[in-house]
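Enquirer: Before we start, here is the structure in question, set down as structure tokens.
The values are calculated or read from the model by the stated rules, or taken from the named source; none is laboratory data. If you're wondering where the values come from, they're calculated on a predicted model, not measured in any experiment. Here the Cβ is made from the backbone with ideal geometry for all residues, glycine too, and neighbour counts use every protein chain on show. SASA here: full protein model, heavy atoms, side chains in, ligands and nucleic acids out. Shrake-Rupley method; radii C 1.70, N 1.55, O 1.52, S 1.80 Å.
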Amino acid sequence: MFIVQVGALLIALTYYTNAQTSVVPVNTTIPGSEQSASGLRQLAVAVVPQSSVFHPSLRSQFSLNLLSAFPEDLEVSNYCVELLAIFGQRYSTYVNCLVSAARPVKVCQNCYGTYGNLMEIYKNISDQVMGPGNVSCRDSLLRSDRLMLVFLLYSNLEDIWTASECNRCVSLRHHSLTNDTLYFMETLNQSLSCFEKYQKQGNHSELCTECKATYRGLNELYSRMEKNHTLCIDIEDSMNMTRILWSKDFNCSFPRAETVPVIAVSSFMLFLPIIFYLSSFLHSEQKKRKLIHPKRAKSNPSFINIQDKFS
């Protein structure tokens, strides 16, 4: 019996020793506001499981980073990194220009230069052009991952430029505005200057009279540009605001040339039923006049004798 008790005691001591060596001491007290940063780091290390794979660094202050370097054949070259940095700068510049030119809309006339610079750097990235050391950045910056972020960012801004139809108002290489656009802006400024001149006097009736010629010329120029497909969002928006000033704010109006045929055709269609019924009435009266009434036939003695014979 004594031997059994001694054996049980030895087994219990063995389990107790193993438990002491495997337990990690953890401070269960809640740290107060006076706890230092080093104390917090020690507390974090105490609760992190001791693994042969997971080894967080004390210098990272709770940040867990992936590998800091890949093999040289997978890393982006310094040349491509420089192109990416230039792309980011020009992208930011163009976006800031778009935001500042949102209202009133002047995205074409104010931002064509920054868009041209963005196109240039993206072309350098996307073309199969070899840089220093025979390095091409197209695959490493545009096609190396599923997201293709650089391509996606540029495509969004390109869609804005296309939807604005700025190519109609800007030269081919984005160096300047077209002559048609410059001429429209000059004509628009003439109308706006006339509005401002007579608006200060507070006499809108005089404004409608004196500015009628310049405003009519502006409308005719806009119609020609619309037919020639040389309108962009800047011109469309400026013309809409000018028409609102003329009709709503100044309460001016003038008959447009294309309304004359519409009025003539509408008047003809309005009187067409009257003309139809009037012509029908006159035609029926003429038929009545030409109608010949038959006279009653005179009695013939021979015809009467023949009837007597048969009777």
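Enquirer: Do you know which of the residues in region 205-216 that are open to solvent by less than 70 Å² (accessible area, probe 1.4 Å) and in a helix (DSSP H, G or I) is nearest to residue 251 (Cα to Cα)? Walk me through it before giving the result.
Expert: Let us first name the residues in region 205-216 that are open to solvent by less than 70 Å² (accessible area, probe 1.4 Å), namely 206-208, 211, 214-215.
Next, from what is left, pick out any that are in a helix (DSSP H, G or I): 206-208, 214-215.
Details: 206: 12, 207: 10, 208: 8, 214: 16, 215: 14 Å.
Selected residue: 208.
Enquirer: Which residue, of 226, 285, 220, is in a helix (DSSP H, G or I), at pLDDT 90 or above and over 29 Å from residue 100 (Cβ atoms)? Write out each step before concluding.
Expert: Numbers: 226 fails: over 29 Å from residue 100 (Cβ atoms); 285 fails: at pLDDT 90 or above.
Within the list 226, 285, 220, the selection yields 220.
Enquirer: Sort out which residues of region 76-96 are over 15 Å from residue 154 (Cα atoms) and either part of a loop (DSSP other than H, G, I, E, B) or in contact with a helix residue (DSSP H, G or I) (Cβ under 7 Å, 6 or more places away or on another chain) (or both), and write them in order of number.
Expert: Here is the first cut: in region 76-96, the ones over 15 Å from residue 154 (Cα atoms) are 76-82.
Correct list: 76, 77, 80.
Enquirer: While we're here: Here are some residues: 232, 194, 211, 252. Which one is of a type outside the set (Ser, Thr, Tyr), in contact (Cβ under 8 Å) with a residue 60 or more places away in the chain and touching a Cys at 6+ places or on another chain (Cβ under 8 Å)? Spell out how you get there, then give the answer.
Expert: Details: 194 fails: in contact (Cβ under 8 Å) with a residue 60 or more places away in the chain; 211 fails: in contact (Cβ under 8 Å) with a residue 60 or more places away in the chain; 252 fails: in contact (Cβ under 8 Å) with a residue 60 or more places away in the chain.
Of 232, 194, 211, 252, the one residue that is of a type outside the set (Ser, Thr, Tyr), in contact (Cβ under 8 Å) with a residue 60 or more places away in the chain and touching a Cys at 6+ places or on another chain (Cβ under 8 Å) is 232.
Enquirer: Quick one: how many residues across region 144-162 are surrounded by 12 or more Cβ atoms within 10 Å (Cβ to Cβ) and over 29 Å from residue 112 (Cβ atoms)?
Expert: Looking only at that region, the number is 1.
Enquirer: Same structure, new question: Every residue in region 230-249 that is open to solvent by less than 20 Å² (accessible area, probe 1.4 Å) and over 22 Å from the mean Cα position of the chain (by Cα), please.
Expert: 242, 246
Enquirer: Criterion first (of a type outside the set (Ser, Thr, Tyr), over 28 Å from the mean Cα position of the chain (by Cα) and open to solvent by 70 Å² or more (accessible area, probe 1.4 Å)) does residue 227 satisfy it?
Expert: On the way: of a type outside the set (Ser, Thr, Tyr): yes; over 28 Å from the mean Cα position of the chain (by Cα): no; open to solvent by 70 Å² or more (accessible area, probe 1.4 Å): yes.
For residue 227, the condition - of a type outside the set (Ser, Thr, Tyr), over 28 Å from the mean Cα position of the chain (by Cα) and open to solvent by 70 Å² or more (accessible area, probe 1.4 Å) - is not met.
Enquirer: Going by the conditions given, is residue 169 of a type outside the set (Ser, Thr, Tyr) and in contact (Cβ under 8 Å) with a residue 60 or more places away in the chain? Walk me through how you get there before you give the answer.
Expert: Numbers: of a type outside the set (Ser, Thr, Tyr): yes; in contact (Cβ under 8 Å) with a residue 60 or more places away in the chain: yes.
Here the answer is yes, as residue 169 does meet what is asked.
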